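For reference, the structure is listed below as structure tokens.
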Amino acid sequence: MARVAGRYAAVSMFSGSGGMDLGAEQTKRVRVVWANDIEPWAVETYKRNLGRYIVAEDIADLEVPDVPCDILLAGPPCQDYSTLWNHDGLKTARGNLFRHVARFLDALRPAAFVLENVPGLLSANHGAAWTLVRHALRSPSSFVTSPREAPGVRYDLSAQVIDMADLGVPQNRERLIVIGVRRDLRIRPPMIPEPFAGHHRTVADALDRDPIPDDAPNHERGLDSPEVVKRLKLIPPGANYEVIPQGHPSAVKGLISHVYRRLDPNKPAYTMISGGGGGTHGYHHAEPRRLSNREKARLQGFPDDFVFEHGPVRNRASAYARVRRQIGNAVPPPAAKEIVGALTQVLLAAGVPPRKADELAAARRNAGTASHPERLAERRAAGQ
């Protein structure tokens, strides 16, 4: 990817531990200047690995930050649109968080945005959820009934269901990617390239070719009970609980194929999820045990020096659960790099100018106060 002078300023919502933001910055065309998440340990992870410009508060309690924004990045919580769970969509508070995406689009009016969610968004509430979300993203000003006198901002959209394995992630993980480009730019949103379609990276590529050192961070092992280890020894790579005959002492009941499913080393991993009960941790192909979080991070495309924080906990299992949630909720950085890279190419071709380094640095320095009106007023009064 060719280097360009300057970078686009990005604002990130529902940033989690920073997977999408890391991938965006890896394009060398984007600098994230403000980020937000409500989950405290994800925020600590973000601060450790990416920067301290993330604000740890409920998005509903924040004003839109006073920072430059060319690209808005958003990954609102998606469990309520997932076909694995209740599919409650618009009935829940989490399912309505997209309204804040519309609020930010109306106020910041970036040249473009990227929204990531589960494909279930398209069918939740018998299609009503997607109809409403699409309206909010196309015409955010009318959706939030902005009192601005200026004409409302409008976006042209593309919506693609993408398997992250086609973008270089060693994991089959289907996600809905919505890209919007501001209509006055008179350019179409890019189609997302799929450079790894037909030749996916495999579990063996991710875990076996360069083994993880025993002392690597977040590389917890030995958390399974003897009963689980015994059960996993009966299951070959690529298979799940169903191979154990009914009536066997190690037999279990399951609702989804992930239950006690061991990885196939010759294929991408199945989707790493953020939570769930026994039997859903993801299981190693060569050893009878659950995957460590470091192994899951590799299957999501995080570098080994990206350390996930978990804070003080009573035991290793609690630490594992806190980190598991961060990794399972993340946008894989290699996928984000491909998606945001394609978007920046379109913006550059349309003549949208990147910003200078000093402007981006100043925005990051002010990120902590940019979304609090009283502190923003104090800065302005001081001439900052």
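What follows is calculated from the coordinates using simple rules that are stated; it is not laboratory data. All figures in this text were calculated on a predicted structure; none of them were measured in a lab. Glycine also receives a Cβ, built like all others from the backbone with ideal geometry; neighbour counts cover every protein chain displayed.
Starting from the amide H of Val55, placed 1.01 Å from N in the peptide plane, find each other amide H under 5 Å away whose residue is 5 or more places distant or on another chain.
Ala35, Asn36, Asp37
Please check the chain for the longest run free of GluC sites (Glu not before Pro) that are loop-located per DSSP (anything but H, G, I, E, B) and have at most 15 other Cβ atoms within 10 Å. Can you show the working numbers first?
Values: sites that count: Glu57, Glu63, Glu149.
After excluding every exposed loop site, the longest remaining stretch is 150-384.
Read phi for every residue in the range 99-111 and hand back ³J(HN,Hα) as whole Hz from Karplus 6.51 cos²θ - 1.76 cosθ + 1.60, θ = phi - 60°, with x for Gly and Pro.
Calculated HN-Hα couplings, in order: 4, 6, 4, 4, 4, 5, 4, 5, 7, 8, 6, x, 5 Hz.
Restricting to DSSP loop positions (anything but H, G, I, E, B) with no more than 12 other Cβ atoms inside 10 Å of their own Cβ, which trypsin sites (Lys or Arg not before Pro) remain in the range 307-370? Display every interim value, and only then the final one.
On the way: sites: Arg314, Arg316, Arg322, Arg324, Arg325, Lys337, Arg355, Lys356, Arg364, Arg365; in loops: Arg314, Lys356.
For trypsin sites (Lys or Arg not before Pro) across the range 307-370 that sit outside H, G, I, E and B with at most 12 neighbouring Cβ atoms in 10 Å, the list reads Arg314, Lys356.
How high is the relative contact order of the range 264-362, in percent, with contacts defined as C-alpha pairs under 8 Å that are six or more residues apart? Display every interim value, and only then the final one.
Numbers: 60 pairs, mean separation 25.9, N = 99.
Worked out over the range 264-362, it gives 26 percent.
Give the order of Val243, Val331, Val101, Val64 when sorted by the count of other beta carbons within 10 angstrom, beginning with the fewest. Spell out each step's value before the answer.
Values: Val243 13, Val331 30, Val101 25, Val64 17.
Ascending Cβ contact count within 10 Å gives the list Val243, Val64, Val101, Val331.
Would you mind telling me the antiparallel percentage of the DSSP bridges in the chain, rounded to 5? Please list the in-between numbers first.
Details: 17 of 35 bridges.
In the chain, DSSP labels about 50 percent of beta bridges as antiparallel.
Under the definition of Cα pairs under 8 Å and six or more residues apart, what whole-number percent is the relative contact order of the chain? If you can, show how the numbers build up before the last one.
Numbers: 771 pairs, mean separation 82.0, N = 384.
21 percent.
Net charge within 12 Å of Glu220 by Cβ-Cβ distance, Lys/Arg positive one each and Asp/Glu negative one each, not counting Glu220 itself?
On the way: positive: Arg221, Arg289, Arg290, Arg294, Lys296, Arg316, Arg322, Arg324; negative: Asp214, Asp215, Asp224, Glu295.
Residues near Glu220 contribute +4 overall.
If I fit a long axis through the Cα atoms of helix 128-138 and take the longest principal axis of the Cα atoms of the chain, what angle between them do I get, 0 to 90°, rounded to 10?
40 degrees
Counting other Cβ atoms within 10 Å, keep those with at most 14, restrict to DSSP loop, and tell me which trypsin sites (Lys or Arg not before Pro) in the range 128-223 are left. Present the calculation step by step, with values, prior to reporting the outcome.
Numbers: sites: Arg134, Arg138, Arg148, Arg154, Arg173, Arg175, Arg182, Arg183, Arg186, Arg201, Arg209, Arg221; in loops: Arg148, Arg154, Arg173, Arg186, Arg201, Arg209, Arg221.
For trypsin sites (Lys or Arg not before Pro) across the range 128-223 that sit outside H, G, I, E and B with at most 14 neighbouring Cβ atoms in 10 Å, the list reads Arg148, Arg186, Arg209.
So what are the ³J(HN,Hα) numbers for the range 284-290, from phi and the Karplus equation (6.51, -1.76, 1.60; θ = phi - 60°), rounded to whole Hz, Gly and Pro as x?
Values per residue, Gly and Pro as x: 5, 7, 9, 10, x, 7, 5 Hz.
Do you know the Lys pair count in the chain for C-alpha distances under 18 Å, with sequence separation 8 or more or different chains?
5
Output wanted: per-residue J couplings in Hz (rounded whole) for the range 30-43, from phi through Karplus 6.51 cos²θ - 1.76 cosθ + 1.60, θ = phi - 60°, x for Gly and Pro.
Karplus-based 3J(HN,Hα) across the range 30-43 equals 9, 10, 6, 10, 7, 9, 8, 7, 9, 7, x, 7, 5, 5 Hz.
Quick check on the chain: what are the equivalent-ellipsoid semi-axes from the Cα gyration tensor, as sqrt(5λ), descending, whole Å?
Working: eigenvalues 283, 97, 83 Å².
Equivalent-ellipsoid dimensions as semi-axes: 38, 22, 20 Å.
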